Structure formats: structure tokens, C-alpha cells
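Below is one structure, written out as C-alpha cells; comments come after it.
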Amino acid sequence: MDNRNWKQYNQHLIKRGEFLINPKFLSSWNEELEQMNGGKIGQPYLYPRSEIEFLAVLHAKSFDYRALQGIIKSLSTNHKFQFPVISYTQICRRINGLEVSFGSVEENLVVAIDGSGEKVSNRGEWMRQKWKVRRGWVKVVIMGTIDGKVIDIRVGNEKLDERKAARGMIRNNHPKIKKVLMDGLHDVKDTFNLCEKHKIETAIKIRKNARTRSKGSPRRRKEVVKYQKLGHDKWVKEVGYGFRWPASEGIFSGNKRIFGECVHATKKRNMYQEIRLKFWAYNLLKEIT
């Protein structure tokens, strides 16, 4: 039986529409350009950053660059003041050069780290099976909070080392982290030692064949003993391992459901940027819903 709050869910979907089609840049166009061009040497900016962010969100929603030019053209034609229409080539250049940030101003965060793959095209899986063609994947590793926001991200090819990526994100964000939740892939001494160094609590699933010998990581030995003493079910409840789902797998699930599970770019660097934009847009959406 589906017990969700349908009124709340309907409002959530309505707000999602408001978020996707919200040309607020029109009301701040002149002021923003004046600020962007203040002291600038050379050719001035013609299009405000907020316009590019508006288009970047739509691009994450699978609108191609020519369609985005058409949207801007329609807005310019029907709005109370005429503004220049950015071309699709400039849209492509500006979106792929757009710097987006993640992070959190909060402290004592409980976070989870997990990885997943993004298809390089809609046809990827069919081509693998039908023609035995290896299309490859783009690998994504995120650090997310238990309320479902991404605070750090790593994007690379299939060879991206998820363990090293996780440790890199821990190093970058350790002052804000209280506890980190990770699956059994991260049951390695380097990760435990790093968390011990920064006084971060760990809820890392221990491998079934784990031994209680220290072997260079007293912190891992302590966690292994605790896991084996409590048993899996009790350990999950005591350390709050269940919060890993909304902080990692829930983010991947929600992001793919809203923005799709494949990329449309063909150049590698643009693929990586497209994926970052998807998670950046997902964060913005979470803030208003």
C-alpha cells in the first residue's frame, strides 16, 4: 500500500516545474552585466551568468543547445524588453566552462560516499548486447549528506579508483565531517587510518572474512572486533548504517530519475561537465523542495 502524502508530493512536482522553467535572470539582466563587466578588460560580457545557469539546468534535463537557443529566442520575442539572443555555439561554450560548486556551510555532518556509473548514450546497453561493442561508462563518486545533498563529487572513466576518490573527498572536507558511512569496498586500512587521523567516526561495512589482526591499522582492528561482536543487524542499528541510503544511493536514484542516466556530450571533458551539472542542478532542486 502506498502511504505517501499525495498533497505534499503534488506540491513537490509543481515546485520542480517552477524550478526548471524560472527565467529570473530577466529581472536582473542589466544589473548583473554591469557588475560582471566592472573593471573588465577586453570584450564585455553580453549574457549574465544567471542566464547560463538557467540554460545549464535545462541542458541537464536533456535539452540540446539548439533547442536552448530557441527557448531564449522565444523569451526575447515575448518579453517586455528585447534582449540579445545567445547562439547555440556560445551556449555550448559557456555551459561547458561554467564553474559550479558543491559543499556545505554546516558542520558535524554525517555523510556517505558511494559510486555509480552513467551511460555514455541511450544506445549504450543495446549496442553492448546486440553488436558486442564496448561503449564504456563514466564513473561518478559522490559524498552526500543524510538529507540528500551532494557536498563533493569526482567524475572519471571506468578506471577511476573509488577508494582513492573517497579518501580525496574526506581530506578536502574533513573539518565538517563527524561520521562517514561507506560500503564494504572501503574496508581498507588506508581509509580507516585517514579517518582516525582526522577524528572522524566510521560506519564502514566489514568484510565477512575480516581478521582481527591490526596489520598497520589499529582503528580497523577495533571496528572489526566491534562488528563481529555485535553481528551485522545490531551493528547496522548501533552505527546508523541505514542512513547511507538517502545520503548516497538515494541521491543517485533521484538524480537519474529526474535528469536521466546517460550523457549526451561526445567529448570526454564535456561528458564530465554534464554530469557535474546534473548533480549541481539536483542540489538546487533539493534546496527548494
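Read the figures in this text as sums done on the coordinates, not as results from a lab. Everything numeric in this text was worked out from a predicted model, so none of it was measured. When we count neighbours, we look across all protein chains shown, and the Cβ atoms used for this are built from the backbone with ideal geometry, even at glycine.
Structural remarks
- Computed over the chain, the per-residue total of -39500 (n - 2.57) for DSSP H runs of n ≥ 4 gives a 222 nm mean residue ellipticity of -15000 deg cm²/dmol, rounded to 500.
- Of (i) 19.8; (ii) 21.5; (iii) 19.3, the label for Kirkwood radius over Cα pairs in Å derived from the coordinates: (ii)
- Summing +1 for each Lys or Arg and -1 for each Asp or Glu among the other residues whose beta-carbon sits under 10 angstrom from that of His59 gives 0.
- Exposure proxy ranking, count of Cβ atoms within 10 Å, fewest first, for Leu33, Leu181: Leu33, Leu181
- Packing, taken as the mean count of other beta carbons within 10 Å per residue, orders the peptides 107-117, 91-101 from highest to lowest as 107-117, 91-101.
- Reported to the nearest whole Å, the Cα centre-to-centre distance from the range 56-123 to the range 158-210 is 31.
- Multiplying the residue separation of Lys80 and Glu287 by 0.36 nm and subtracting their alpha-carbon distance yields 71.5 nm.
- Between Lys229 and Arg66, the contour length at 0.36 nm per residue exceeds the alpha carbon distance by 52.7 nm.
- Charge context of His198, other residues only, Cβ under 11 angstrom, K/R +1, D/E -1: +4
- Sorted ascending by nearby beta carbons within 10 Å, beginning with the fewest, Thr212, Thr77, Thr202, Thr191 become Thr77, Thr212, Thr202, Thr191.
- Here Lys15 is the anchor, and the lysines within straight C-alpha reach of less than 21 Å, apart from those fewer than 8 places off in the same chain, are Lys7, Lys24, Lys61, Lys149, Lys256, Lys278, Lys286.
- Shape category assigned to the range 38-85 from the gyration tensor of Cα positions, a/c cut at 1.5: oblate
- Seen through its C-alpha gyration tensor, with square-root eigenvalues sorted a ≥ b ≥ c, the range 109-280 comes out prolate because a/c lies at 1.5 or above while a/b is bigger than b/c.
- Under the span-like rule (Cα at least 15 Å along the axis, Kyte-Doolittle mean at least -0.5), DSSP H helices of the chain: 49-60, 65-78
- For a modelled paramagnetic label at Ser87, 7 Å from Cα along Cα-to-Cβ, the residues of the range 57-71 in reach, with backbone nitrogen under 20 Å, are 64-71.
- Contact order relative to length of the chain, as percent, for alpha carbon pairs under 8 angstrom and 6 or more apart: 20 percent
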